[in-house]
Structures are given as C-alpha cells and as structure tokens.
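Q: I am attaching a structure below and will ask some questions about it afterwards.
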Amino acid sequence: QVQLVEAGGGLVQPGASLRLSCTVSGSDFSPHTMAWYRQSPGARREMISSITGGDYIETKPPFWGRFLISRDNNEKAVYLEIFDVAPEDTATYYCNRDVDPLWSWGQGTQVIVSS
C-alpha cells in the first residue's frame with residue numbers, strides 16, 4: 001500500500017518562505033508524475049503544480065511565481081517551496097500523483113499564515 005507523508009508546515013508570518021516535503025513509500029517513484037495540492041478552509045482541493053520523473057514542471061496559473069516544485073527520485077520525495085507566503089496560502093497541503101488513479105491521500109501538512 002502506498003503511503004504519502006507530508007511535512008514542513010506550521011505557523012508562518014507573511015512574507016516568509018516555506019519548504020514542504022512529501023515522502024512516498026510502497027511504490028516505485030520515478031515513473032510517476034507527482035503533484036502538490038492544497039485545500040483551503042471551506043474550499044475544494046486544488047492542484048498547484050506537477051513534476052515528471054524527468055523534472056518537467058507544470059504549474060497552474062494561479063500559482064505562477066511563488067510556488068516551486070522539485071523532487072528527488074533517490075529519496076522518493078517531492079518538495080514544494082512557497083515564497084513570500086500570504087494569508088491566502090493558509091491551507092492543508094498534500095502530495096499525490098497528478099492523474100487518476102490517485103493514491104490514498106496522506107494526512108497533509110497544514111500551513112497557517114498569520115502575523
């Protein structure tokens with residue numbers, strides 16, 4: 001069974017930078033395109049960005065400029081850097097494959113942006 005474990009969230013001040021991590025176990029990693037998603041309070045989960053095994057990146061337009069995805073195939077990990085965080089970035093962040101069938105969701109990592 002595939003397990004996704006996200007980490008790196010917390011309470012951060014506006015303007016700070018943040019690096020989230022997600023490790024994958026129970027599956028091959030490098031063949032899969034991985035993605036980061038977020039779910040803001042009261043909203044649906046939405047995709048932020050995806051990265052192929054060969055490091056081709058696609059980022060959804062609302063997230064251009066401040067979000068950077070990366071991966072380490074040897075560590076079976078995918079990362080999301082968020083620059084200049086803002087209150088609207090408050091959300092729970094998840095990783096998963098980019099397309100169906102998705103793996104079972106991890107617990108996510110919560111980011112709260114507040115001064």
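Q: Can you sort ARG44, ARG19, ARG38 by 1.4 Å-probe accessible area, starting with the largest?
A: Reading off the accessible areas and sorting them downward yields ARG44, ARG19, ARG38.
Q: GLU81: net charge of surrounding residues, Cβ under 10 Å, Lys/Arg +1, Asp/Glu -1, itself excluded? It would help to have the intermediate numbers written out before the result.
A: Numbers: positive: ARG19, ARG66; negative: none.
Around GLU81, the surrounding residues sum to +2.
Q: Could you please state, rounded to a whole Å, how far the C-alpha centre of the range 11-27 is from the C-alpha centre of the range 51-92?
A: With the range 11-27 and the range 51-92 each reduced to a Cα centre, they are spaced 9 Å.
Q: For the range 1-84, report the accessible area per residue in Å² (1.4 Å probe, heavy atoms, rounded to an integer).
A: Result: 55 Å² per residue.
Q: Gain in length, GLU88 to ARG66, computed as 0.36 nm per residue apart minus the alpha-carbon separation, to one decimal in nm?
A: Residue separation times 0.36 nm, minus the Cα-Cα distance, leaves 6.7 nm.
Q: Continuing with this model, one more query. With a 1.4 Å probe and all protein chains in place, put ASP89, ASP28, ASP98 in order of accessible area, largest first.
A: Numbers: ASP89 0, ASP28 110, ASP98 50 Å².
Descending accessible area places them as ASP28, ASP98, ASP89.
Q: From the protein chains alone at 1.4 Å, what is the descending order of accessible area for TYR79, TYR56, largest first? Don't jump to the answer; show the numbers that get you there.
A: Working: TYR79 40, TYR56 140 Å².
From most accessible down to least: TYR56, TYR79.
Q: Which whole-percent values make up P(r) of the chain when all C-alpha to C-alpha distances are grouped in 5 Å steps starting at zero?
A: 2, 13, 25, 26, 19, 10, 4, 1, 0
Q: Placing unit charges on C-beta atoms (Lys and Arg positive, Asp and Glu negative, everything else neutral), compute the dipole magnitude of the chain about its Cα centre in debye, rounded to 20. Show your work: numbers first, answer last.
A: Values: 9 positive and 13 negative charges, 38 e Å.
Result for the chain is approximately 180 debye, rounded to the nearest 20.
Q: Averaging sequence separations of C-alpha pairs under 8 Å and six or more residues apart, then dividing by the length of the range 1-40, give the relative contact order as a whole percent. List each step's numbers first, then the result.
A: Numbers: 30 pairs, mean separation 17.4, N = 40.
Relative contact order, the range 1-40: 44 percent.
Q: So, with a 1.4 angstrom probe, what is the percent of accessible area on the chain that is carbon and sulfur? Numbers along the way, then the final one.
A: Values: 2870 of 6130 Å².
Reported share for carbon and sulfur atoms: 47 percent.
The values are calculated or read from the model by the stated rules, or taken from the named source; none is laboratory data. Only a predicted model underlies this, so the values are computations on that prediction, with no experimental measurement involved. Here the Cβ is made from the backbone with ideal geometry for all residues, glycine too, and neighbour counts use every protein chain on show. Calculation scope for accessible area: heavy atoms of the full protein, side chains included, ligands and nucleic acids excluded. Shrake-Rupley method; radii C 1.70, N 1.55, O 1.52, S 1.80 Å.
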